[in-house]
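Structure first, then comments.
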Amino acid sequence: MRKTLPHLLFALFFCFALCTTLTPPVHAQTWTDDGDLSFLLEVNGVSAADSDEANQIPVNLTEGLTIELTVDVASNMTLHSYTFLMQYMGVTIINNQTPLGTHVYAGAPPSNSSSTVALDSLSYGGIDLISGTLLGALSFNYTLDATPTNYTTLQEDFYLKIGGTGFAAIMSVNGLLTLAFTVMAVFSLLMALDEFQRGISAGRRLRGAKTASDVGIFPPSVVLRRRPKKDAEKVSKEEVVRRVSEAAGSAWDHKRCPQCGKKWKKDAVQCRKCGIDVPSAVRFFSDDIADYAPRALKVVKPKSKIAVGAFSKRLKLKPDKGGALAAALTDMGVFQTRSVKVPLKKVAFSGLTLTGFYWSWLQLLSGATPTLFDTLLLAAGGLVISVLVGYFMNWLARVPKLGYD
């Protein structure tokens, strides 16, 4: 006597209700057979056994999903259970295992069941909520009457293409999210590399110096460290003016006039607009900066550190003035620098994100079906490589210890 399997159909309907559109059908109807048990699972008229990564079963949201199941046996057996599994990007979204305990006799007509499931609820405003490749599996667990203690499992995997192909696949919600996170990761990586470049340039500039005066004006990426105690930090305006004048040196050749804002010409001896000569401009610049020295000691607390760029912003100084003040105070022993600001975390996160979404792009555009292990392994590899690259660039941006002593 043959029996239909209504619980299995219910599980299939529930599972496929999570899906969306697919690719061209395969017309051959291949049974899954081990000689004792055979079944034919058809989705939209396509045999599940005929689907693979290159021939995924297409599903159209507007037309719904037609599921047909035919079960036949060649030996007397007991069907103990069936399992329906569905995975997306290696993550199981359906794992329905249902006990049957049904005895089936050989020679009876095959059992058939079919139905159609509407999928229009899986789109909103003409946009698919999900697209890409889903990996499914249907299996039966049974024992033959001749060997009641030997359990056998017959399983068939099948592949579904959800959503459109090519550019259309990106226009689903998960496709747009993948695109957005990828663009953010690329942009973040480019910004981090640009920041690294500035740090490496600053490191090269500082590595040839023995004192802050040799540098003149600290680049924005240089990190300032404050003494842990306030001892010996009595800073006079006159001393700061002198130190700034020494540290600045000839850094004004390509800077703007500190009095009127007119840009200096190369090798200029005086400003063409206001007539101030270079030595007077340096003195004006130094006097202006010296007024900020007391505030600088309040901005950078003892035992704290800050990049010169942030230091200038807090004092509301232009980068060249903030850099000159930072160099002067470092020369006086108030600050010390032994590093530059580099975006190690940004590089690591960008590498992790880009490699993590690599499989997302493949399953969206080329039908890949990665396991969760594949995704995690590639993401971990991207993280390790990006961290190693970051530390190498950090080594390129190394600087000597200046200040305090």
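The values are calculated or read from the model by the stated rules, or taken from the named source; none is laboratory data. Nothing here was measured: the structure is a model prediction, and the numbers come from that model. Cβ: placed from backbone, ideal geometry, glycine included. Neighbour counts: every protein chain shown. We work out accessible area using only protein heavy atoms, side chains counted, and drop any ligands, DNA or RNA first. Shrake-Rupley method; radii C 1.70, N 1.55, O 1.52, S 1.80 Å.
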For this session: Work out, step by step, the length gained on full extension between THR78 and LYS273: first 0.36 nm times the residue separation, then minus their alpha carbon distance; give nm to one decimal.
Result: 60.2 nm
For this session: Keeping all protein chains in place, calculate the accessible area per residue for the range 89-202 (probe 1.4 angstrom), answer in Å².
Result: 51 Å²
Seminar exercise, completed: Karplus ³J(HN,Hα) for the range 356-370 (6.51 cos²θ - 1.76 cosθ + 1.60, θ = phi - 60°; Hz, whole; x = Gly/Pro) runs x, 8, 4, 5, 4, 5, 5, 6, 6, 9, 10, x, 5, 10, x
Seminar exercise, completed: On each of the three principal axes the extent of the alpha-carbon atoms of the range 308-357, given in whole Å and largest first, is 49, 23, 14
Exercise. Relative to the present Cα-Cα distance, how much length would full extension add between GLU63 and VAL186 at 0.36 nm per residue of separation?
Worked result: 40.5 nm
Exercise. Relative to a virtual label point 7 Å from the Cα of ARG338 in the Cα→beta-carbon direction, which members of the range 385-403 show backbone nitrogen distances below 13 Å?
Worked result: 399-403
Seminar exercise, completed: Share (percent) of C-alpha pair distances in the range 37-78 greater than 11 Å works out to 69 percent
For this session: Compute the distance in nm between two label points, each set 7 Å from the Cα along the Cα-to-Cβ direction, one at ASP291 and one at ASP214.
Result: 3.4 nm
Exercise. Are there trypsin sites (Lys or Arg not before Pro) in the range 286-361 that DSSP marks as loop and that have at most 16 other Cβ atoms within 10 Å, and which are they?
Worked result: LYS303, LYS316, ARG338
Exercise. So how much slack lies between ASP120 and LEU377, counting 0.36 nm per residue of separation and subtracting their Cα-Cα distance, in nm?
Worked result: 88.9 nm
Exercise. At ILE385 and THR30, where each label point lies 7 Å from the Cα along Cα→Cβ, what is the point-to-point distance in nanometres?
Worked result: 3.4 nm
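Based on the inverse mean of 1/r over its pairs of different Cα atoms, what is the Kirkwood hydrodynamic radius of the range 61-176, in Å?
16.7 Å
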Seminar exercise, completed: Once phi for every residue in the range 329-334 is put through the Karplus expression 6.51 cos²θ - 1.76 cosθ + 1.60 (θ = phi - 60°), the whole-Hz ³J(HN,Hα) values, with Gly and Pro written as x, are 5, 5, 5, 8, x, 6
Seminar exercise, completed: If the label point sits 7 Å along Cα→Cβ of TYR151, residues of the range 68-104 with amide N under 18 Å come out as 77-85, 95-104
Problem set entry | Set LYS318/LYS346; LYS301/LYS345; LYS305/LYS341 screened for pairs whose C-alpha atoms are more than 21 Å apart | LYS318/LYS346; LYS301/LYS345
